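Right, one structure below, let's go through it.
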Amino acid sequence: MKRISFFLSFLIACVILVAQAPNGYYNDAKGYKGSALKTALFGIIDGHNSRSYSQLWTDMQYTDARSDGSVWDMYSNTTHYTFIEDQCGNYSGEGSCYNREHSFPKSWFNDASPMYTDLFHLYPTDGYINGMRSNYPFGETNSPSKTSNNGYSKLGPSSISGYSGTVFEPADEYKGDFARTYFYMATRYEDLIDNWDSPMLSGNSYPAYTTWAIEMLLRWAKEDPVSEKEIARNNAVYEIQYNRNPYIDFPGLEQY
C-alpha cells in the first residue's frame with residue numbers, strides 16, 4: 001500500500017508539472033484526494049467573471065472557432081456556419097443556424113446565474129439539433145428515434161444499465177469533452193448542485209452524479225482523452241472568465 005500511495009503522489013506531482021495553467025494556479029489543491037480534492041478545486045475555480053447572455057455571441061468567436069474561422073459545431077458534422085451572420089433566429093432544419101447550447105441543460109438549475117452564462121458548458125451548436133436534444137440527459141442509445149445528419153448525434157431510449165429514459169448521445173469524438181464539462185460543473189458548483197434536478201444528478205455534492213451517469217462519464221473521459229481543441233478552448237475561456245477547467249489541465253484527474 002505504501003508503494004501504491006507513493007506512486008500516486010508521484011504521479012500527481014508529475015501531472016502538476018505539465019499542467020496548462022499559470023504557475024501556482026492549483027497550489028491550494030496539492031495533497032488532497034477524493035471529495036477533499038474536489039472541494040479544494042472548487043475553492044480555486046469559484047467566483048469566475050460572469051458574462052451576459054448577449055456577450056456569449058462574441059465570446060464564442062474566440063472560444064469555438066475552427067482553423068478556417070467557422071463555427072465549431074459539436075452536434076452536427078455537416079454545418080459550416082459563419083459567426084454572427086448565421087446565429088439563430090428561427091430554424092427550419094439542420095443547417096439553418098447556430099445557437100448557444102447549454103450542454104448542461106439550464107432547466108436543471110432553473111435558469112439561474114452564474115451557471116446560465118458559464119462558457120465552460122455553453123457551446124455553439126446547430127439550432128435544430130439543439131432543439132432535438134432539448135433537456136434530455138447525455139447517454140447512449142442503440143435504437144435512436146432521431147439522428148442528426150450521418151447519424152452523428154442521436155436521440156433515443158437509454159441503452160445503459162441504470163437508466164431507461166430518453167437520452168441524447170453525442171458523437172464519440174466529443175464524449176470526453178462533454179464528460180470533462182460535467183466534471184467541471186460538479187466541481188465549480190459544488191455548493192449548489194445538490195439542489196439541482198436531473199436524471200443524471202444524485203442530489204448531493206459528492207459525487208454529484210448517479211452511479212450510471214458517473215460510470216458513463218468516467219468511461220467517456222478515458223475513451224476520448226483531452227484534445228488540443230479542449231486545451232485551446234480552456235485557455236480562451238480563462239482569458240474571459242479568469243477560471244479554468246482542471247479536468248482539461250490534468251488529464252485523468254477525474255479518476256482521483
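What whole-number distance in Å separates the alpha-carbon centres of segment 192-248 and segment 94-111?
Comparing the Cα centres of segment 192-248 and segment 94-111, I get a distance of 16 Å.
Highest mean first, how do 243-249, 76-82, 44-50 rank when packing is the count of other Cβ atoms within 10 Å averaged over residues? Let's see the in-between values first.
Details: 243-249: 24.9, 76-82: 17.1, 44-50: 15.4.
Order by mean packing, descending: 243-249, 76-82, 44-50.
In whole percent, how big is the carbon plus sulfur part of the accessible area of segment 124-256, probe 1.4 Å, protein atoms only? Working shown, then result.
Values: 2350 of 5170 Å².
Using a 1.4 Å probe with all protein chains present, segment 124-256 comes out at 45 percent carbon and sulfur.
Over segment 88-204, calculate the relative contact order: mean separation of alpha carbon pairs under 8 Å at least 6 apart, over the residue count, as a percent. Mind showing how you got there, number by number?
Working: 172 pairs, mean separation 25.0, N = 117.
Value for segment 88-204: 21 percent.
Tell me the label-point distance for the pair Asp28, Ser113, using the 7 Å Cα-to-Cβ offset, in nm and rounded to one decimal.
Going by the 7 Å Cα→Cβ label model, 2.3 nm.
Quick check for you: with a 1.4 Å probe and neighbouring chains kept, what is the accessible area per residue of segment 136-184, in Å²? Before the final figure, lay out each step's value.
Working: 1850 Å² over 49 residues.
Value returned for segment 136-184: 38 Å² of accessible area per residue.
With angles folded into 0 to 90 degrees, how steeply does helix 2-17 sit against the dominant principal axis of the chain? Use alpha carbons for both and round to 10.
Helix 2-17 sits roughly 50 degrees off the main axis of the chain.
For the chain, what is the charge dipole size about the Cα centre, in debye to the nearest 20, if Lys and Arg each add +1 at the Cβ and Asp and Glu each add -1 at the Cβ?
Details: 20 positive and 30 negative charges, 156 e Å.
It works out to roughly 760 debye.
Normalising by the residue count of the chain, find the relative contact order in percent from Cα pairs under 8 Å and 6+ residues apart. Please list the in-between numbers first.
On the way: 400 pairs, mean separation 49.7, N = 256.
Averaging sequence separation for qualifying contacts and normalising by length gives 19 percent for the chain.
So, R0 is 35 Å and r is the distance between the beta-carbons of Ser145 and Glu239; what FRET efficiency does that work out to, to 0.05? Write down the numbers at each step before the final one.
Values: r = 40 Å, r/R0 = 1.15.
After rounding to 0.05, the efficiency reads 0.30.
The values are calculated or read from the model by the stated rules, or taken from the named source; none is laboratory data. Because the structure is predicted, anything quoted here is derived from the model rather than measured. Virtual Cβ from ideal backbone geometry, glycine too; neighbours counted across all protein chains shown. Surface accessibility is based on the protein's heavy atoms, side chains included, excluding ligands, DNA and RNA. Shrake-Rupley method; radii C 1.70, N 1.55, O 1.52, S 1.80 Å.
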